[in-house]
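Each remark here refers to the structure printed beneath this line.
The values are calculated or read from the model by the stated rules, or taken from the named source; none is laboratory data. Here the structure is a predicted model, which means the values were calculated and not measured. So basically every Cβ, Gly included, is an ideal-geometry build from the backbone, and we count neighbours across all protein chains shown.
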Amino acid sequence: MLFDTGPESTFDNIVTALRKIGTSANDIKHVFLSHIHFDHAGAAWRFAALGATIYVHPRGAPHLIDPAKLITSASRIFGDDMQRLWGQIAPVPEERVRILEDKDVIQVATFEIRAIATPGHASHHHVYHWDDSLFGGDIAGVRLGDGPPIPPFVPPELHIESWRESIAKIRELNPTNLYLPHFGLVKGSVTAHLDALDERVTRWSEWFHEKISAGVREPDLVPAFAKVEHDDLTGNGATEELAQDYETADPSHMAVPAAIRYWRKYHPEELVES
Ligand SMILES: [Zn+2]
């Protein structure tokens, strides 16, 4: 089984990595998707073509089967970079898609894989829990090298209260091993990771609240937030080079439209925009 596939553009990297552990893409029978953003699910159709079952949240399934809307909305953000970033986009045949509701369990060999609905980054997001391990998807943060965990704020479904409730759900499960799609097994305390992530979700969101209320517009928010994030990273263990890697993995500019949309949609009464 595989948790998230990455984009289709890096399918060959997965094949190479599978070969290193003595297996092949043909052997993957179960693909558990945290959510359907292309950097997580873009290669799902390749595994489906080899016979794998693709597990996904009910709200994600229609977009796997017909990615047209997803392509339109992603094209607005990524423009001419679509092909380079994501590779080939194709539908997953409906008969290969299996919907998982919150708390559904799939038995694979001796493993009981439980899906847990965890909105906040996306409304259709699951984490997966088995034994004392958890695959955290994007809700559990992005963490590179010795840097701190950061929350990937992206449009259009960012929801701060849900994000914090989802972190609380993960905390309750108290996993020993937390696996991040960006990237790998969390070293050190999972509790400390979640605390630092939760604090950053709140602080960054509040920063946007203040700036938007003060009438700062999107073009000015982009460089201002890039600096906030950069200084937060380098002030918490990241070198300049690592801060750049974070920017590549999770571009700070995406947080700006995400936060503006969140504050205007869910808390318009709190915004006194000039
Ligand atoms: Zn995502």
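Here residue 124 clears all of (1) of a type outside the set (Phe, Trp, Tyr); (2) part of a strand (DSSP E or B); (3) within 19 Å of residue 38 (Cα to Cα) except the condition numbered (2). When residue 15 is tested against (1) within 16 Å of the ligand (Cβ to nearest atom); (2) hydrophobic (A, V, I, L, M, F, W, C); (3) in a helix (DSSP H, G or I), exactly one condition is not met: (1). Considering only region 58-78, state which residues are at pLDDT 90 or above and surrounded by fewer than 12 Cβ atoms within 10 Å (Cβ to Cβ). The answer is 68, 69, 72. Restricting 167, 212 to residues that are among the β-branched types (Val, Ile, Thr), closer than 30 Å to residue 271 by Cα and within 16 Å of the ligand (Cβ to nearest atom) narrows the list to 167.
When region 4-32 is filtered for residues that are free of Cβ contacts under 8 Å to residues at least 12 places away in the same chain and on the phi < 0 side of the Ramachandran plot, the ones remaining, listed by number, are 12, 13, 15, 16, 17, 18, 19, 20, 21, 23, 24, 27.
Filter region 33-50 down to the residues that are touching a residue at least 40 places away in the same chain (Cβ under 8 Å) and away from the ligand (no atom under 15 Å from the Cβ), then identify the one that is farthest from residue 102 (Cα to Cα). Give the steps one after another, and end with the answer.
Going residue by residue through region 33-50, those that are touching a residue at least 40 places away in the same chain (Cβ under 8 Å) are 33-40, 42-48.
Imposing the further condition that a residue be away from the ligand (no atom under 15 Å from the Cβ) reduces the set to 45-48.
Working: 45: 23, 46: 26, 47: 24, 48: 23 Å.
Restricting to residues being touching a residue at least 40 places away in the same chain (Cβ under 8 Å) and away from the ligand (no atom under 15 Å from the Cβ), the top hit is 46.
Sub-9 Å Cβ pairs linking a first residue in region 145-156 that is within 14 Å of residue 120 (Cα to Cα) and more than 12 Å from the ligand (Cβ to nearest atom) to a second residue that is hydroxyl-bearing (Ser, Thr, Tyr) and at pLDDT 95 or above, at least 6 apart or interchain, are 150/246, ordered by first then second residue. Hey, can you tell me all the residues within region 123-144 that are more than 17 Å from residue 202 (Cα to Cα), buried (at least 24 other Cβ atoms within 10 Å of the Cβ) and within 11 Å of the ligand (Cβ to nearest atom)? Matches in region 123-144: 125, 137. Of the residues examined, residue 61 is not one that is within 30 Å of residue 164 (Cβ to Cβ), of a type outside the set (Lys, Arg), touching a residue at least 60 places away in the same chain (Cβ under 8 Å) and in contact with a Lys or Arg (Cβ under 9 Å, 6 or more places away or on another chain).
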